[in-house]
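Undergrad: Questions regarding the structure given below will be posed in turn.
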C-alpha cells in the first residue's frame, strides 16, 4: 500500500496520496477517475512510482477503520489508459513480501530496467553527488566510473530489488570493492579516526587523502541491501551497509578486520528533487556525464 503516486509513467513528479493532491493533480477526469453508480463507488487511479503500473487510490474520501490513511493499491491487471508490465509489477517492493534479495537474483528486461539504464546515464552526476554525501567523502570520478561500469556488467538494472526510486544506491551496491588509496577519506572524520586507531601505519595527508606510499590494503564496499514497507505509513525504508576492511594480511573478507561500518538510509526524495531541478537552476558535471555516456552507449542502442 504505497503512500505516493505519479500522474503518468516515466520520469514524472511524485506526490503523497492525499485528498488535496488527488484533486489537484488528477481531478475527476479520465483515465484517473472512473465514476460509479453511487458517489461511494467512484474509483481513482494513478501510477505507482516504484514500478510504473496502475494503482487504485483508496481512502481518499472514505476511510475504513483499519485503514486510517489514504493509499495506493496495485490493481494487478491492465487498466485502460495506463502502462502495464507483469514482470515489473511482480517485483515492485509493494507487491513482494521479502525484505532482502539475493545479489544474483535477476528479472527479465522490461520498462523499468530500460528506464533505469536511461537514468543511470543521463543523471549520473546527480547520482554521484548523492553517493559522495552518503559515503562522507568526495571519491574520485574514476572511482564513480568503476561503480557504474560494474553495475552495467552485473545487469544491476535487472536486479529483483531494483526499482525507480533506489537507483543511486543500487549503482553503489553493485560497484566493485575498491581501494581507498588516494581517496580524500579525511573528509569523513569518523572513518579517518577509525583508520588512525585501527591501522596505525596508515598515513592521511594534510589534503585528507590516504597516502599511497605506505603498503596497506584498505578497501570499501557496499553490501546488505534491505527494504521494509512500514505498514502504518506506507513508506518504504531501504538501507545498505558501507564497510571498510583491512585486507593487508588476508584477502579473505570473512577473516579481514572491519575498520568501519555505517548504515546508509536511502533518501529517494532527494534524488527526485535533483532530477526535477529546473534547467535554469541545474548545475551539471559534464565530465561525469561523458563518462556515463561512454559506458552506457552499448545499452542505449
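Undergrad: Tell me whether the stretch 214-223 contains one or more residues that are without any contact (Cβ under 8 Å) to a residue 12 or more places away in the chain, more than 18 Å from the chain's Cα centre (by Cα) and exposed (fewer than 14 other Cβ atoms within 10 Å of the Cβ).
TA: Looking for residues that are without any contact (Cβ under 8 Å) to a residue 12 or more places away in the chain, more than 18 Å from the chain's Cα centre (by Cα) and exposed (fewer than 14 other Cβ atoms within 10 Å of the Cβ), one finds none in the stretch 214-223, hence no.
The rows are residues; the columns are (1) farther than 27 Å from residue 244 by Cα; (2) in contact with a strand residue (DSSP E or B) (Cβ under 9 Å, 6 or more places away or on another chain); (3) not assigned by TED's automatic domain parsing to the domain that holds residue 260.
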| position | (1), (2), (3) |
| --- | --- |
| 118 | yes, no, no |
| 121 | yes, no, no |
| 136 | no, yes, no |
| 148 | no, no, no |
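Undergrad: What about residue 206, is it more than 24 Å from residue 235 (Cα to Cα), out of contact with any helix residue (DSSP H, G or I) (no Cβ under 6 Å at 6 or more places or on another chain) and modelled with pLDDT under 95?
TA: So residue 206 fits the description; yes.
Undergrad: All but one of (1) touching a helix residue (DSSP H, G or I) at 6+ places or on another chain (Cβ under 9 Å); (2) outside any loop (DSSP other than H, G, I, E, B); (3) crowded, with 18+ Cβ neighbours inside 10 Å hold for residue 137, so report the exception by its number.
TA: So residue 137 meets the others, but not (2).
Undergrad: Of all residues in the stretch 149-170, how many are within 25 Å of residue 251 (Cβ to Cβ) and either part of a helix (DSSP H, G or I) or touching a residue at least 24 places away in the same chain (Cβ under 8 Å) (or both)?
TA: The qualifying residues number 5.
Undergrad: Could you pull out the residue among 247, 236 that is under 26 Å from residue 126 (Cα atoms) and touching a strand residue (DSSP E or B) at 6+ places or on another chain (Cβ under 6 Å)?
TA: Values: 247 fails: under 26 Å from residue 126 (Cα atoms).
Answer to the selection: 236.
Undergrad: Here is a follow-up. Within the stretch 76-97, track down each residue that is touching a strand residue (DSSP E or B) at 6+ places or on another chain (Cβ under 8 Å) and in contact (Cβ under 8 Å) with a residue 60 or more places away in the chain.
TA: Passing the criteria: 82, 83, 92, 93, 94.
The values are calculated or read from the model by the stated rules, or taken from the named source; none is laboratory data. This is a predicted model, so every value here is computed, not measured. With ideal geometry, Cβ positions are generated from the backbone for all residues, glycine too; neighbour counts draw on all protein chains shown.
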